[in-house]
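Participant: Please find one structure pasted underneath; my questions will follow.
The values are calculated or read from the model by the stated rules, or taken from the named source; none is laboratory data. All figures in this text were calculated on a predicted structure; none of them were measured in a lab. Cβ placement follows ideal geometry from the backbone for every residue including glycine, while neighbour counts extend to all protein chains displayed. Just the protein is used for accessible areas: all its heavy atoms, side chains included, with ligands, DNA and RNA removed. Shrake-Rupley method; radii C 1.70, N 1.55, O 1.52, S 1.80 Å.
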Amino acid sequence: QAPQSFLKQVLRTRAPLSGAPSPLPRSATRLLDLARDAKVAPAGARSPRGWRRTFVGAVVFQLRVGSASSVCPSALDLGQQLAVLDVGGSGNVTVKDAPECELICDADVRCRSWCFLEDAGRCHLCALRGSRGRGSRGRGTFGVAGAQHEVRRRPGSGRTILVSYAAGARFRATQDKLHDSLSIAELDEHWRWNLEVLELQEHRALFLDQAKGVATKYAWKPYVLWQSFRTAHWGDWLVYHDASQYIREGISSSVRPLLRWLEKHRQDNPCECLPAVQLRQTMQHEWQQRCTKPYSAEPYHPDDHLGEFCNLASRVGLDVLEQDKARCRGEWQRPMLQYAWSIWRKTPQSARVLRDFWKSSQSPENIVCLPLTDQTLFSLLVNKLAPELRLHTLWAPSLYTQAWQQDLDITVGGSGRNDALIFKHLNFVLDALARESQQGTLLHLVGPGLRHPSAVQGLVWEMGSATPVAWARSLCIPRPQRPYLAGRVVAAALSRVREEIGAMEAWGGRYKVPAGWNGQVVEGAGETKRSHAAALPGHMRDITEELGEQRLYSRGFSGAFSLGSWSPGLLAPEAIGGPAAALSAVVELTVLNDGAVPWPKGAALLRLPGGNATLLPPDASACTSRAFWRSREPLKATCGSVPPQEHVTLLLTLELPLRARGRCQWQVAQWALHSPTDGKPFGVLLQARICL
């Protein structure tokens with residue numbers, strides 16, 4: 001950046017810096033200091049005077065010199081005394097311009113300086129003394145300062161490095177499980193980050209001090225990714241994985257097939273990276289949802305979500321204008337991305353993504369008001385860079401089907417993104433890739449437009465395809481005048497007890513109403529026996545509108561749900577007139593607290609007075625926690641305190657008198673949760689029509 005004649009003069013005469021151009025860039029000043037010191041440093045000195053080391057051999061100065069001429073400045077003659085950085089086999093790589101040359105140097109802790117040869121379109125890189133790129137592998141591991149390392153290198157192959165971060169006992173327990181699975185996953189090394197590592201002096205100057213108080217909460221992942229990437233060798237693989245509190249497992253199979261899959265798609269996806277998984281909901285949904293408290297501060301303009309989005313999107317560099325909301329709405333409708341794990345080949349394209357991510361995260365105004373902070377910022381950045389770098393993300397609709405089979409669509413929060421928990425661990429993707437030989441293509445690379453593909457009809461959840469009621473429900477926006485103490489049935493099943501075989505038998509299909517769907521889903525309805533179907537003329541369904549919202553609200557209920565119409569005499573005609581002319585039925589309900597306050601501890605499911613059903617007393621009810629990531633609690637007669645967006649399983653056992661057809665009458669029975677303090681019912685009103 002300084003005139004070459006001045007650089008040559010300083011190196012030739014060791015002149016003082018008093019004659020430097022004003023203002024002289026700090027990088028040029030540091031280069032001159034280093035060059036002058038290097039010329040007088042005694043032979044064999046470990047480092048010239050004035051060098052200050054930071055993490056693993058990097059220099060805090062991070063020297064950068066650019067030149068638009070065809071000849072490197074004389075200052076770079078120091079490269080003759082230093083090893084040439086090994087990038088693709090030599091210290092000279094083909095680049096399109098000086099910024100790309102600077103990027104390649106910036107992406108490697110061993111790079112001391114760079115020079116762009118414009119006529120040749122080449123980038124000349126000089127390394128720190130004693131750093132020989134891949135040649136250093138035979139002498140030991142090059143890792144992150146302060147981080148624990150486990151080395152399992154295979155001779156003659158590039159490294160495959162696991163990178164993880166954990167802060168807190170439950171997260172470190174998962175990190176330990178990831179570490180124990182290195183051999184199974186065929187990973188060569190594990191770079192284990194934690195808060196103590198970030199607080200070391202080597203990292204504090206670059207991370208904690210620069211991020212102005214938001215770093216430890218919001219920007220640790222961009223920093224861990226970028227510094228781990230800079231520490232790796234060119235061509236190495238980095239497998240980053242969150243130490244999750246939700247899925248506490250190690251990696252269950254080799255990651256090598258997935259790496260070969262990425263190499264196979266190198267022509268379409270030149271970064272050979274897998275930056276994120278594409279989710280079924282849009283960025284608009286994540287921005288507007290109120291189901292979970294935002295990780296960050298409240299938005300600057302909470303009543304204008306689109307305007308807030310456009311403002312931040314333009315600040316990140318997306319080609320939108322804050323005032324042009326029609327143009328910005330296209331970005332608003334892009335799918336949300338999740339990067340609980342990611343895979344990066346050390347290539348220039350990957351370097352661009354991770355460097356820009358770290359730089360953007362250093363600005364508090366770019367991150368503190370994003371709903372999911374770094375995840376939202378990363379989604380915006382990938383959308384910005386995808387066309388230029390031909391970035392692709394992973395789209396795996398088959399994993400959504402697998403999530404539904406595990407009830408992840410209804411039992412982990414009500415935000416409409418709960419079924420995406422299956423993407424939080426790499427194991428599910430590795431398993432899907434292994435099944436492709438028998439089941440066909442299950443994993444798709446999507447890009448660079450990063451729009452939702454139509455792989456599964458109705459899978460995408462966006463405002464344009466949702467009913468107003470279903471969209472508001474998925475955002476956890478309450479209806480006007482709805483009680484704060486509330487509940488909603490999200491799954492229900494009816495079974496009969498078969499005393500003769502000591503087991504329960506399904507009486508009908510299983511009802512489900514996930515947050516991100518327009519209507520209900522009944523599983524297994526086509527498999528119901530003919531006799532069972534005849535004994536269940538009315539199916540389970542939501543009847544809030546039938547009974548009237550405002551009428552229910554005035555009685556303290558948040559909604560109403562029909563358990564169906566039952567005709568037990570048709571189900572067990574052989575028992576009619578016998579000594580035990582009764583049928584035991586069990587109703588299993590998954591109920592979500594979708595209100596604004598926790599349920600009181602000790603709430604119980606009881607029959608409401610005033611019904612005309614002549615059931616055999618007493619009804620028996622039980623309650624248990626339904627949280628996915630915790631151990632299921634034992635059944636109890638009452639529920640504990642249930643926070644908003646948590647679920648419980650309610651079991652209701654009934655003894656139904658048996659009557660022959662034509663001799664029974666349709667009667668109504670009702671149940672509800674009752675408060676232990678005042679005995680008042682609350683939540684969802686349950687109702688069944690029974691022929692007794």
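Participant: Search region 480-506 for residues being of a type in the set (Val, Ile, Thr) and within 36 Å of the chain's Cα centre (by Cα), and hand back the single one that is surrounded by the most Cβ atoms within 10 Å (Cβ to Cβ).
Facilitator: Val489
Participant: Give all pairs with beta carbons closer than 8 Å in which a residue from region 146-169 that is farther than 17 Å from Ser183 by Cα meets a residue that is assigned to a loop (DSSP other than H, G, I, E, B) and modelled with pLDDT under 90; count only pairs at least 6 apart in sequence or on separate chains.
Facilitator: Qualifying pairs under 8 Å: Gly146/Leu200.
Participant: Consider only pairs whose beta carbons are under 6 Å apart and that are at least six residues apart or on different chains; among these, list those whose first residue lies in region 651-676 and is farther than 25 Å from Arg488 by Cα and at pLDDT below 90 and whose second residue is open to solvent by 50 Å² or more (accessible area, probe 1.4 Å) and among the basic types (Lys, Arg).
Facilitator: Correct list of pairs: Trp666/Arg689.
Participant: May I pose another question? Hey, can you tell me all the residues within region 507-542 that are open to solvent by 20 Å² or more (accessible area, probe 1.4 Å), more than 22 Å from Trp666 (Cα to Cα), modelled with pLDDT of 75 or more and part of a strand (DSSP E or B)?
Facilitator: Within region 507-542, Arg510 is the sole residue that qualifies.
Participant: Related question: Going through Ala215, Ala232 one at a time, which residue ends up being at pLDDT below 85, open to solvent by less than 10 Å² (accessible area, probe 1.4 Å) and on the phi < 0 side of the Ramachandran plot?
Facilitator: Criteria check complete, one pass: Ala215.
Participant: Which residues, taken from region 292-329, are crowded, with 20+ Cβ neighbours inside 10 Å, of a type in the set (A, V, I, L, M, F, W, C) and at pLDDT 75 or above?
Facilitator: Phe309, Cys310, Leu312, Ala313, Cys328
Participant: What is the number of the single condition among (1) surrounded by fewer than 19 Cβ atoms within 10 Å (Cβ to Cβ); (2) closer than 21 Å to Arg541 by Cβ; (3) modelled with pLDDT of 90 or more that Ser558 does not meet?
Facilitator: Tallying (1) surrounded by fewer than 19 Cβ atoms within 10 Å (Cβ to Cβ); (2) closer than 21 Å to Arg541 by Cβ; (3) modelled with pLDDT of 90 or more, Ser558 fails exactly one: (1).
Participant: Just for region 633-650: of the residues that are part of a strand (DSSP E or B) and open to solvent by less than 40 Å² (accessible area, probe 1.4 Å), which one is farthest from Leu536 (Cα to Cα)?
Facilitator: Here the residue is Val642.
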